[in-house]
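Novice: Sharing a structure with you now.
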Amino acid sequence: MNELAGRVADATGNWVDRLAPIGSRPYLRLARLDRPIGSWLLLIPCWWSVALAAVQARATPNPWHLLLFFIGAFAMRGAGCTWNDIVDRDLDAKVERTRSRPIPSGQVSVAQAAAFLAVQALIGLVVLLQLNRFAVATGLASLLVVAIYPFLKRVTHWPQIALGLAFSWGALMGWAAAFGRLDAAALVLYAGSICWVIGYDTIYAHQDREDDALIGVKSTALLFGEKTKPMLAGFYTLAVVLIACAGYLVGGRAPFAIGLAGFAAHLVWQVRRLDIADPAVCLTVFKSNRDAGLILFAGLVADAVAARLL
């Protein structure tokens, strides 16, 4: 494979293309390490949950849990993307943006991808086993949602709900790791995160809506169409209200409220900035959700630290 071969159409000029050994590049692309935004979006609800649990306990967020979830999010997002690419290899070959991915382009065989999936899943399992038994069981329960997600786009316009269930699972995990149980605050945070994910993944799906319509793949982007902005505003409003309720349940104070206000303001900016007819704008707005999530996380951390000091 030469240096230019195998570059993925929607992820060029990244560190994988520039620096990674040529033989490793298809696998790094399978794991989406050339574009880690998805790993961040999987991680952020975990960190929210760790910080929310810290507010409840009037303690600082557990740094060991933050590190474990960081490693686990990158490993399991890579595993999930590899599984998704195995399942979607025939569909990906028909879409301009995805036909250069490692499996449809022939850089990696299905068997090689499956072996790589097993390695990533093993790393995720090692991370999971560092937590208490309840958290381990909670983490394993997420695998069913992850397994069925790639198939839903063939049968429903709402695959984003399944993605929301999967990508928000961390909102349960941080709390479970801290307390060995799930309480109302974690469940409400989970619901709020699901609404957030449905919103930002609808934005992402608008990049492919024309190809998706031609090949019969369904999404909320196709379902909402020109009504995307009001629907997005609705889901984002639900996200903010539910997360506010989660904060209220743990006694969140001014720092949390400030972080939530910054998060909400960022979501308003996204709705205003979005142009569903411009794939580049869709991608930019989608990626900006990392910043939105980290703003909220910062507010939760500040609240936990302030509670600890006062």
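Novice: Is it the case that Leu238 is more than 20 Å from Lys153 (Cβ to Cβ), open to solvent by 60 Å² or more (accessible area, probe 1.4 Å) and either of a type in the set (S, T, N, Q) or in contact (Cβ under 8 Å) with a residue 12 or more places away in the chain (or both)?
Specialist: yes
Novice: With Val197, Val146 as the choices, which residue is within 21 Å of Gly293 (Cβ to Cβ), at pLDDT below 95 and within 13 Å of the chain's Cα centre (by Cα)?
Specialist: Every option except Val146 fails the conditions.
Novice: Would you check if there is a residue in the stretch 12-23 being β-branched (Val, Ile, Thr), under 30 Å from Asp212 (Cα atoms) and at pLDDT below 90?
Specialist: yes
Novice: Please go through (1) surrounded by fewer than 24 Cβ atoms within 10 Å (Cβ to Cβ); (2) at pLDDT below 95 for Leu68 and return the number of the only condition it doesn't satisfy.
Specialist: Going through (1) surrounded by fewer than 24 Cβ atoms within 10 Å (Cβ to Cβ); (2) at pLDDT below 95 one by one, Leu68 breaks only (2).
Novice: Moving on. Taking helices (runs of 4 or more DSSP H) that fall entirely within the stretch 120-225, which contain at least 3 residues that are β-branched (Val, Ile, Thr) and buried (at least 23 other Cβ atoms within 10 Å of the Cβ)?
Specialist: Answer list for the stretch 120-225: 184-205.
The values are calculated or read from the model by the stated rules, or taken from the named source; none is laboratory data. Not measured: the values here are computed from a predicted model. Every residue, glycine as well, gets a Cβ built from its backbone with ideal geometry; the counts of neighbours run over all protein chains shown. Ligands, DNA and RNA are excluded from the accessible area calculation, which covers all protein heavy atoms including side chains. Shrake-Rupley method; radii C 1.70, N 1.55, O 1.52, S 1.80 Å.
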